[in-house]
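Please read the structure below before turning to the comments.
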Amino acid sequence: MDQVSAGQGEIKNPWGKVNVPATTSSLTDVMSEQLAKQLHEEFNPSTTCNDDLDVASFQQDADTDSDLMLAQMLQMEFDREFDTQLRREEKKFNGESKVSISFENYRMVHPFEDSDSSDDEVDWQDTRHDPYRLEKPTTTPKKGFVGKGKNITTKHDEEVCGRKNTARMDNFAPEVHVGDGISMDLKLSNQVYNHLKRHCQAEQKRSARLHEKKEHSTAEQAVDSKTRLLMYKMVNAGILENINGCISTGKESVVFHADGGSFEEMQIPKECVLKVFKTTLNEFRNRDKYIKDDYRFKERYSKLNPRKIIHLWAEKEMHNLARMKKAGVHCPEVVILKKHILVMSFIGQNHVPAPKIKDAMLTSEDMKKAYYQVLQMMQQLFKQCNLVHADLSEYNMLWHEGKVWLIDVSQSVEPTHPHGLEFLFRDCRNVSTFFQKAGVTEAMDVYDLFNTVSGLKISSDNEADFLAQIHELEKINEDHVQKRIKQACADICENGPPLLNEDD
Ligand code: ADP
Ligand code: MG
């Protein structure tokens, strides 16, 4: 005992802790509560006597604890370095090989402890207000069951509902930015949500309608995707160098200016026009009579689907122009026909189309000249080309290089057409009225003009009477026409349709 007490003053624990000699006690003493208490008091004097608080010993304890922590941290650092080295070795060992051997089992640091701090960040985020954490709201519900045993949050809870509504916005309106996010706890009331939903649905419908309209309007302009492709093919084949702007958009067609190219042996004019017949049939329905009663096309017309009928219109214009050209009538020259696109020579110069005769501001001298030209061309048409223009007016006559040029002959028919003479009468009325109004005193009236052009001798100054006689003639014609139709059908059966478009 003395030894121990003498030694107490000399022996210094390097960690600053005093070695307390162990006291011997019997087993019964050890089990005694009193002894336990006594021992506890001996080792923890501070708990019993605050006045005797040994600050130094406290500090010593604290120092030792941080040493332990430091040691653990160092060990961890060491282990991490080891693992990094191990990973390097693993990489080197496996190289580019698709089959690799894992060194994972030799790692010192448990993957759980080794997690990157950046990954941990998510765990540390304050998700209390995360709107997507819908299932377990931490806030006390404002509505729902309140009371003993009834503190349940139902789906009707205002906040839950609000959050759900906000999240649902993405389902039907991802384009609506609700401004919600991790840091915002946006709640949309049912009323606002329903209002927004209705608005978005209406908007979506509207935009679909607009899109449809846009598609339609391109079709209206006859330049739908199929037409564009055809036009592109023409440029690609070299028939055309360029397709430039649109000259006119009419009810039945759109006309474009184009620079002629070079294609095989073809003589392509420097400047061309593309007459694109509209693929919407609405307008053409009114014009059925021009084609379905034209014996040249009658047989084919009845067998074709509506889209092909449009091709027939283009083909009809091509044939009529060819006839006119042959007879020496001033008109555009056909370059090529592709389905519903007719390419012909451009009447005009340097991209500027020739004016319609109504816009040409002709001098009276030129107007008189123009009248005589038109008269001559009408006769040529009727007698040489066996055609009636059927839409002849100041709108379809262009003034170019001091001459009148006739255009737009897709509806032109033969005089034996069941309504051919009526169409001629109408043409004569248009021509007569225009030139008389333009001050051409020599311009014949409609009846004289009709007789001069047709060579018929209908004697009447009364329109109703004149037309009645025309109808009589048309009836007489019918037998003759029927014969021709039969002949044409027989020809088609034997030789196929005349000048069919190769793609048809
Ligand atoms: P629509 O059936 O739409 O009336 P048109 O054949 O009359 O078609 O052509 C419409 C317009 O396009 C004409 O009024 C004319 O201004 C212009 N045009 C048509 N063909 C030519 C052409 N070959 N050269 C110059 N302009 C033309
Ligand atoms: Mg026209």
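For this structure, a couple of remarks:
- Label-to-label distance, nm, for residues given as CYS246 and LYS369 (7 Å Cα→Cβ offset): 3.5 nm
- Once the Cα-Cα distance is subtracted from the 0.36 nm per residue extended length, the ALA322 to GLN436 segment shows a gain of 38.0 nm.
- Estimated at 0.36 nm per residue, the fully extended path between LYS358 and SER189 surpasses their Cα-Cα distance by 54.2 nm.
- Model label sites at ARG206 and GLU472, defined 7 Å from Cα along the beta-carbon direction, differ in position by 6.5 nm.
- Think of segment 317-357 as a dipole: +1 on every Lys or Arg Cβ, -1 on every Asp or Glu Cβ, centred on the Cα centre; then among SER345, VAL335, ASN320, ASN320 lies furthest on the positive end.
- Placing unit charges on each Cβ (+1 for Lys and Arg, -1 for Asp and Glu) gives segment 329-477 a dipole about its Cα centre, and among PHE423, GLN436, HIS389 the Cα reaching farthest toward its positive end belongs to HIS389.
- Pairs over the 26 Å Cα-Cα cut-off, from the set LYS275/LYS326; LYS383/LYS403; LYS270/LYS356; LYS226/LYS356: LYS226/LYS356.
None of the figures in this text is laboratory data; all of them are computed from the coordinates on show. This one's a predicted model, so the numbers in the text were calculated from it and none came from an experiment. In this analysis, Cβ positions are derived from the backbone assuming ideal geometry, glycine residues included, and neighbour counts consider all displayed protein chains.
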